[in-house]
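Please read the structure below before turning to the comments.
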Amino acid sequence: MSRWLLGYDGYDPAAEGVREALCTLGNGFFATRGAAPESTADGTHYPGTYVAAVYNRLVSDVGDHSVENEDIVNAPNWLPLAFRIGGGDWFSPDAATLLSYRQELDLRRGVLTRLLRYRDGDGRTTRVTQRRLVSMDDPHLAALETTILPENWSGRLEVRSGLDGRVTNAGVSRYRDLNGSHLQPDAEGAAGDDVIWLRARTVSSRIEIAVAARTRLTTGRGEEKGQVGELSREPGRIGHDIAVDVRAGTPVTVEKVAALFTSRDRAITECAEAARARAAGAAGFDALLERHALAWQHLWRRCRISIDHEDAQRILNLHMFHLLQTVSGHTVDLDAGVPARGLHGEAYRGHVFWDELFVLPFLIVRFPEIARSLLLYRWRRLPAARQAARAAGLPGAMYPWQSGGDGREETQRLHLNPNSGRWLPDNSRLQRHVGLAVAYNVWRFYEATGDADFLAEFGAEMLLEIARFFSGLATYDRTLDRYEIRGVMGPDEYHDGYPDRAEPGIDDNAYTNIMTVWVLRRALATLAVLPEYRRVELMERIALQREEVSRFEDVSRKMRVVFHRPPGGPDPGPDPGGDVITQFEGYDKLAELDWAAYRRRYGDIRRLDRILEAEGDSPNAYQASKQADVLMLFYLLPAEELEDILVRLGYPYDPGLIPRTIAYYMARTSHGSTLSALVHAWVLARSDGEDSWRFFLETLNADVDDLQRGTTAEGVHLGAMAGTVDLVQRCYAGVETHGEVLRLNPRLPAMINELRFELRYRGHWGVDVSYGRDRMRVRLRPDGAAPAIQVAVPGRDIVTIQPGESCELPLTEGRLH
Ligand code: BGC
C-alpha cells in the first residue's frame, strides 16, 4: 500500500466509526468526519463537523446530581447528499446490494474518495464515485463531488442536497445520558438558483454558525443542467431536490460546495451572509482541489520525513496529516488549543489537556508559528488560571486539567464506568502537573526558536506564574527539611488517592515534584535572560517579590523525592545502588497485582481501572499504573539534566537508576493511555532497541488498529500521533535543541537504515538531517539572512555550518542492534 494512502475495501458497519474518524478531513479551522454523505447519526454512522474552539456549556441531570459540561459543538452538517432512482428508496450502503465498495484517503492531497457499485431490487446497477475535500487553501470551504453512472438502466434520478442544523452531540455513548442539544437552529433559506443556507446558534455560548451550499448537477459532457426542483424545508433543515433523466452509460455529476463561517470570524459582517457569498462565488470542484492540493504540497514540504520502513512511513504521514488537520496555519488566527482527540470526534469534549506536551515538540521545529499560537491560547487564559489559584488559596497560576473556552477547570466531576454502569467521582482535576507541561513547552519553544521576544512578552509571564503556583503548593516539612507536594495526582490516572484516606490525592508524586524543580530553575533562568528593563517591568506587573524568588531557589534545592528498594534488590543499606524512584509516597506499600491472572481472565486489561471498579475493587489498592508516570521524567529530561536535579536536591544518583526504574514500572503498567506506549518507546531507545521498536509500532498502530478498543471512533489520539513523529526525529535521530548548539545524539533502531528529515531551527527554514547505514549528514539550505549554526555530535568537536554548507560524519555510535 502506498505511503500516501489509507484504503479500506468493503463496507463494514462495525468498523464505520473508526473509518469515519480516520478519514476525517479538516483544515485547522473546521473538520468533518469521513461519514457517508447520505447518512445520519444512527448508531452506525456519525457525521460530525467541529469548528476549532467552538464550545458550549450545558447542564444535565445524572441521577440525583446535576452536572455541567462544556463540549466542542457538533456543528450543522454540510454533507447530506442522497439519491434515488425512479422514486425508489434512497441509496444507503446498509440496505443496497453492494457489488463493490472502497474508500481511499489520499494523504498527499487531502482527498477522500468513495467508490462503489450497487444493484437495486429491480436489477439496476449503478456506479458511484465520490470525492471530497475540506479546503486547506480557503479554511471556510469544503466540497463534495458525486458522479453517478447508470450502468444498465435509463430513467429518473433524484438527488437531495441538504444542510442539517438539527444535529446534537451524540457521538460518545458514555455521554448519551447527558444533554447534547448544543445548537438552536435559527434561520435557513435559499439564495439564487443553487445556494441553500442555514444558521444555528450555540445555546449558551451564543456563537452563530452558518453553512451554505451550492449544488450543481451536470450530465454527459457537462453541458446540461439538472432541474432544480422543490426546496425541501423544515426548521433546522433545508435541501435542494434535483431531478434529471439519465441514460445508461452517461454519468451525472453533482457538485456540492459548502462554506462555513461563525460569528467569531474576522473580516465579515454576518456569518450567514459570508457563507452564502463564499459558497456562491467559489470555484468548481477541480479548481478548488488544485488550490487545496497546492496548500497540502506546501505543508508536506515542511513536514518532510522519510524512513525506509514502508508501514511506519505511511502511518507517520497519516499522523502528521491528522495533526495538521487539527492545528494548521489557519489555527494561528484563532484562539484555540490542542484538543486531545483532534477535531475528529467528541471524546473528552474537545478539551485541551497536557497532551500538548507531546504535540508541540513536533510543531516547534516544523511550524513554530503554530506552536506559538497554541502557547498563546494558554497565555490568554492566565487570568482564569490565576483566579483558580487564588480560589485554592495559592499564588500564581493554576492551569486546569481540562481546558476549553475560557480556561476554567472543565474536568467532569463524575464519569461513567461503562463496565459497571456506575457514575463515579472524577478527581482527575488534581492533575496539577498540566501547568508544568505548559511551562515546559514555553521553555522548549524558546530554546528551539531563540524567540526572545516571545519569552519576554508572553512566555516569561506564564513561566513565572506557574513557578509561583508550584512553589506555593509545596509545603515545608521541618523534620525532613524538605518541601512536599501533597494531595495531587500524577499522570497515572489509576491513583487518585490512598485506600485508607478519605480525601482524594496522593503525596509527593515524583513526576510533579521533580518537574516542579525543573520549572523553578527555568523561572530563575528566565529572570536571568530577560532584558533588565523587561524583567523589572514584569516583576512589578505581577508583583513578584524577592522573597518569592528566593523561595524558588530554596524549593528547587529541597524538594522531596521518594525512593524505595524493590523486592529482590540488594538489601537496604547505605548504598543506594538498588533503589528506584517511587511514583509517590506509599506506592511501594500497595499490594502487588496478579497481572497474569487478570490477563488470563480479561484478555485486554488496558482499562484495568474499569475492570477493578466493576469488581468492587480499586486500582488505588495496587502497584498498577495506567501509564508512564515516573518514566515521564526520562522522556522529558535528558539523563544529565535529571542527574543534575537529583544531585542538587542532595539525592544519590547512579547510572543504574534509570534502567532499574524503567524495569520496575514496566512490569506494573497496563498502558491504558496511548501516551504510555509512546513514552516507553522513547525511554527504552537507549537500552533496548527491540522493545523500543515494539512500543513504537504499538503507538503507530494505536488508532489505525483502534488498540484502545472503540476509542478511535470517538476521536483520534493526537498526542500519540504527533508523538510518534517527534520520537523519530528527537529520540531515534537524537536531535536536541537545548542550549546554543544543535546536538545530534542518534539511537537508531536496527530496523531503520535510512532516515531523512528537515527542520526549522533558529531562523533556518531548512536544516536537512539525514542518516544512512554508516554516515550522517547535516546540510543547511542556502539562506542569505540566516546565521551559521553549531552542531555537536557525541565524540566530536563542535562544528560550525554556514548556510548552503553541509557536514558529513561517520555513524558508528548511536546504532542499536
Ligand atoms: C490519559 C491522559 C490524557 C487524556 C487525554 C487520558 O486517558 O490518561 O494522560 O491527557 O487521556 O488524552
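The values are calculated or read from the model by the stated rules, or taken from the named source; none is laboratory data. Small disclaimer: the values here were computed from a predicted structure and weren't measured. Don't worry about glycine lacking a Cβ; one is built from the backbone with ideal geometry, like all the others, and counts go over all protein chains shown.
Couple of notes before you dig in:
- Put simply, of 16, 38 the only residue that is among the acidic types (Asp, Glu) and touching a strand residue (DSSP E or B) at 6+ places or on another chain (Cβ under 8 Å) is 38.
- Entirely in segment 598-648, the helices (runs of 4 or more DSSP H) that have 1 or more residues that are away from the ligand (no atom under 16 Å from the Cβ) and either among the aliphatic types (A, V, I, L, M) or surrounded by fewer than 20 Cβ atoms within 10 Å (Cβ to Cβ) (or both): 608-614, 639-648
- Single residue of segment 149-163 satisfying the filter (surrounded by fewer than 23 Cβ atoms within 10 Å (Cβ to Cβ) and in contact with a Leu (Cβ under 9 Å, 6 or more places away or on another chain)) that is nearest to residue 330 (Cα to Cα): 160
- Residues in segment 127-181 that are of a type in the set (Ser, Thr, Tyr) and touching a helix residue (DSSP H, G or I) at 6+ places or on another chain (Cβ under 7 Å): 135 alone.
- Counted as qualifying within segment 412-514 are no strands (runs of 3 or more DSSP E), as none has 2 or more residues that are β-branched (Val, Ile, Thr) and within 26 Å of the chain's Cα centre (by Cα).
- Scanning segment 132-148 for residues that are in a strand (DSSP E or B) and of a type in the set (Gly, Ala, Ser), we see that the one that is surrounded by the most Cβ atoms within 10 Å (Cβ to Cβ) is 142.
- Residue match in segment 662-677 (condition: modelled with pLDDT of 95 or more, away from the ligand (no atom under 16 Å from the Cβ), surrounded by 19 or more Cβ atoms within 10 Å (Cβ to Cβ) and under 30 Å from residue 789 (Cβ atoms)): no
- Residue in segment 216-228 that is under 18 Å from residue 162 (Cα atoms), modelled with pLDDT of 95 or more and out of contact with any Asp or Glu (no Cβ under 8 Å at 6 or more places or on another chain) present: no
- In segment 345-363, residue nearest to residue 399 (Cα to Cα) [restricted to those that are near the ligand (Cβ under 10 Å from one of its atoms) and not in a loop (DSSP other than H, G, I, E, B)]: 352
- Test: residue in segment 40-48 that is outside any loop (DSSP other than H, G, I, E, B), within 20 Å of the chain's Cα centre (by Cα) and crowded, with 21+ Cβ neighbours inside 10 Å: no
- Pairing residues of segment 685-713 that are under 23 Å from residue 419 (Cβ atoms) with residues that are among the β-branched types (Val, Ile, Thr), at Cβ distances under 6 Å and at least 6 apart in sequence or on separate chains, gives 702/674; 703/712; 703/716; 706/18; 706/712; 712/18; 713/18.
- Segment 62-110: number of residues that are in a strand (DSSP E or B), among the hydrophobic types (A, V, I, L, M, F, W, C) and closer than 30 Å to residue 313 by Cβ: 1
- Scanning segment 9-34 for residues that are touching a Lys or Arg at 6+ places or on another chain (Cβ under 9 Å) and either hydrophobic (A, V, I, L, M, F, W, C) or at positive phi (or both) yields 10, 21, 23, 25.
- From 89, 122, 94, residue being without any contact (Cβ under 8 Å) to a residue 60 or more places away in the chain and closer than 24 Å to residue 42 by Cβ: 89
- Extreme residue, farthest from residue 263 (Cα to Cα), among residues of segment 17-55 that are in contact with a Gly (Cβ under 9 Å, 6 or more places away or on another chain) and charged (D, E, K, R): 19
- Residue within segment 587-594 that is closer than 18 Å to residue 661 by Cβ and without any contact (Cβ under 8 Å) to a residue 12 or more places away in the chain present: yes
- Within segment 535-555, being β-branched (Val, Ile, Thr) and touching a helix residue (DSSP H, G or I) at 6+ places or on another chain (Cβ under 6 Å) holds for one residue alone: 555.
- Qualifying residue in segment 679-691 (condition: assigned to a helix (DSSP H, G or I), touching a helix residue (DSSP H, G or I) at 6+ places or on another chain (Cβ under 6 Å), buried (at least 24 other Cβ atoms within 10 Å of the Cβ) and not hydrophobic (A, V, I, L, M, F, W, C)): yes
- Any hit, segment 470-485, residues being in contact with a strand residue (DSSP E or B) (Cβ under 8 Å, 6 or more places away or on another chain), of a type in the set (A, V, I, L, M, F, W, C) and at pLDDT below 95: no
- Residue count for segment 313-344 under the criterion of being closer than 19 Å to residue 106 by Cβ, not β-branched (Val, Ile, Thr) and not in a loop (DSSP other than H, G, I, E, B): the result is 12.
- Leading residue by the ranking (surrounded by the most Cβ atoms within 10 Å (Cβ to Cβ)) among those in segment 473-526 that are of a type in the set (Val, Ile, Thr) and more than 16 Å from the ligand (Cβ to nearest atom): 516
- Here residue 366 clears all of (1) assigned to a helix (DSSP H, G or I); (2) closer than 30 Å to residue 787 by Cα; (3) more than 16 Å from the ligand (Cβ to nearest atom) except the condition numbered (1).
- In segment 1-21, the qualifying residues are those that are under 20 Å from the mean Cα position of the chain (by Cα) and surrounded by fewer than 24 Cβ atoms within 10 Å (Cβ to Cβ), and the one that is nearest to residue 165 (Cα to Cα) is 17.
- Inter-residue pairs, beta-carbon under 6 Å, first under 16 Å from residue 49 (Cβ atoms) and in segment 176-200, second among the acidic types (Asp, Glu) and surrounded by fewer than 17 Cβ atoms within 10 Å (Cβ to Cβ), 6+ apart: 199/186; 200/186
- Unique residue being out of contact with any helix residue (DSSP H, G or I) (no Cβ under 8 Å at 6 or more places or on another chain) and small (Gly, Ala, Ser) when the list is 35, 96: 96
- Highlighted here are the strands (runs of 3 or more DSSP E) found entirely within segment 719-817 that include at least 3 residues which are in contact (Cβ under 8 Å) with a residue 24 or more places away in the chain: 742-744, 755-761, 764-771, 775-780, 789-792, 806-810.
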